[in-house]
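Comments concern the structure below.
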Amino acid sequence: MKKKLLLIVSALGLLAAALACNLPLNPRPAPEPTPTPDYGMVWYQGEGMQMLLPYTYAARNIQDDIPGILAVIRSFIGEGPSPLSSLVENLEGNVAWWGYDAGAPAVSPVQLLVIKNESLEKTPVSLISTALRLFLGKNAESLQTSSYTINKRNITRFSYADDNNGWQAYAFKEQGRLWIALFITPPANLAAQQVYFDYSVNSMLIAPLQETPQP
C-alpha cells in the first residue's frame with residue numbers, strides 16, 4: 001500500500017513539474033515591436049496633397065520656375081509626341097509641388113517635382129513604362145521598374161541612371177488623377193536616397209477632388 005501511495009505521489013510530482021514548465025508563471029519577455037522608421041521628416045503642403053520630406057527641403061514658386069519645370073518634364077518624357085505629353089499642358093495647374101533639398105551637398109543635389117493629371121487617370125501605368133522606354137531608346141536597358149502596394153495604393157517605381165543623369169519616379173492613381181513624384185539626383189546618389197524617396201511617397205496624403213459647382 002505504501003509503495004502504491006509512493007508511486008502515486010511521485011507521479012503527481014512529475015506531472016506537476018511538467019505542467020509548471022508549460023504554465024506562464026515565468027513568461028519569456030515579448031519581442032520588442034519594430035518601430036516605424038523616423039527619418040526626421042516634416043509635413044510639406046502641396047496642391048491637393050501633402051507629404052513627409054526632410055526638413056531641409058525648400059519649396060519653389062511654380063510661376064518663377066516654369067521654364068525649369070518644363071525642362072525637368074522634358075528630360076523625363078522627351079520632346080516629341082508621347083502618351084505623357086499632356087503633362088506639359090496646363091503646367092501650372094498640374095504641378096502639385098516643386099522644390100529641392102537645400103541641405104544636400106552641392107555634388108549630390110536633389111530636386112522634387114510632383115505632378116497631378118486628371119486626363120491621364122485612365123492611362124495604364126504599363127503605357128507609361130512603354131513611353132519611357134521609347135524615349136530612352138538604346139538607354140532603355142538602364143530603366144528599372146518595380147511595383148508594390150502600400151495602404152491599398154498601387155505604386156509603380158521607375159529608376160533610371162546613366163553616366164550623367166539619374167532620377168526616380170513614382171506613379172500611382174488616386175482621387176481621379178494620375179500622380180507622378182519625380183526625384184532628380186546624380187546617379188551615384190540614387191541608391192543611397194531610395195529609402196527616403198520611398199518613405200516620402202508612401203506618406204503622401206491626397207485630397208479628394210473638388211466638385212465643380214453647378215450654375
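For this structure, a couple of remarks:
- Among the candidates Ser126, Ser146, residue that is surrounded by fewer than 19 Cβ atoms within 10 Å (Cβ to Cβ), over 19 Å from Ile69 (Cα atoms), touching a strand residue (DSSP E or B) at 6+ places or on another chain (Cβ under 6 Å) and of a type in the set (Gly, Ala, Ser): Ser146
- Just one of (1) open to solvent by less than 20 Å² (accessible area, probe 1.4 Å); (2) assigned to a strand (DSSP E or B) fails for Ala140. It is (2).
- Some residue of region 87-97 being more than 16 Å from Trp179 (Cβ to Cβ), in contact with a strand residue (DSSP E or B) (Cβ under 7 Å, 6 or more places away or on another chain) and not in a helix (DSSP H, G or I): no
- Close pairs (6 angstrom Cβ cut-off, 6 or more residues apart or separate chains): in contact (Cβ under 8 Å) with a residue 60 or more places away in the chain and closer than 22 Å to Ser203 by Cβ in region 48-76, of a type in the set (Gly, Ala, Ser) and outside any loop (DSSP other than H, G, I, E, B) anywhere: Gly48/Ala96; Met49/Ala96; Met51/Ser200; Met51/Ser203; Leu52/Ser200; Leu52/Ser203; Leu53/Ser200
- Residue list for region 109-122, restricted to those being open to solvent by 20 Å² or more (accessible area, probe 1.4 Å) and either touching a residue at least 24 places away in the same chain (Cβ under 8 Å) or not in a loop (DSSP other than H, G, I, E, B) (or both): Pro109, Gln111, Lys116, Glu118, Ser119, Glu121
- On the stretch given as region 98-108, residues that are in contact (Cβ under 8 Å) with a residue 40 or more places away in the chain, in a loop (DSSP other than H, G, I, E, B) and within 22 Å of Val42 (Cβ to Cβ) total 4.
- Some residue of region 173-188 being among the small types (Gly, Ala, Ser), touching a residue at least 40 places away in the same chain (Cβ under 8 Å) and open to solvent by 60 Å² or more (accessible area, probe 1.4 Å): yes
- Any hit, region 204-213, residues being aliphatic (A, V, I, L, M), open to solvent by less than 70 Å² (accessible area, probe 1.4 Å) and part of a strand (DSSP E or B): yes
- Taken residue by residue, region 153-161 has no member that is within 18 Å of the chain's Cα centre (by Cα), surrounded by fewer than 17 Cβ atoms within 10 Å (Cβ to Cβ), modelled with pLDDT under 90 and not β-branched (Val, Ile, Thr).
The values are calculated or read from the model by the stated rules, or taken from the named source; none is laboratory data. This structure is a prediction, so every number in the text was calculated from the model and none was measured. Every residue, glycine as well, gets a Cβ built from its backbone with ideal geometry; the counts of neighbours run over all protein chains shown. Protein only, heavy atoms only, side chains kept; ligands, DNA and RNA dropped before computing areas. Shrake-Rupley method; radii C 1.70, N 1.55, O 1.52, S 1.80 Å.
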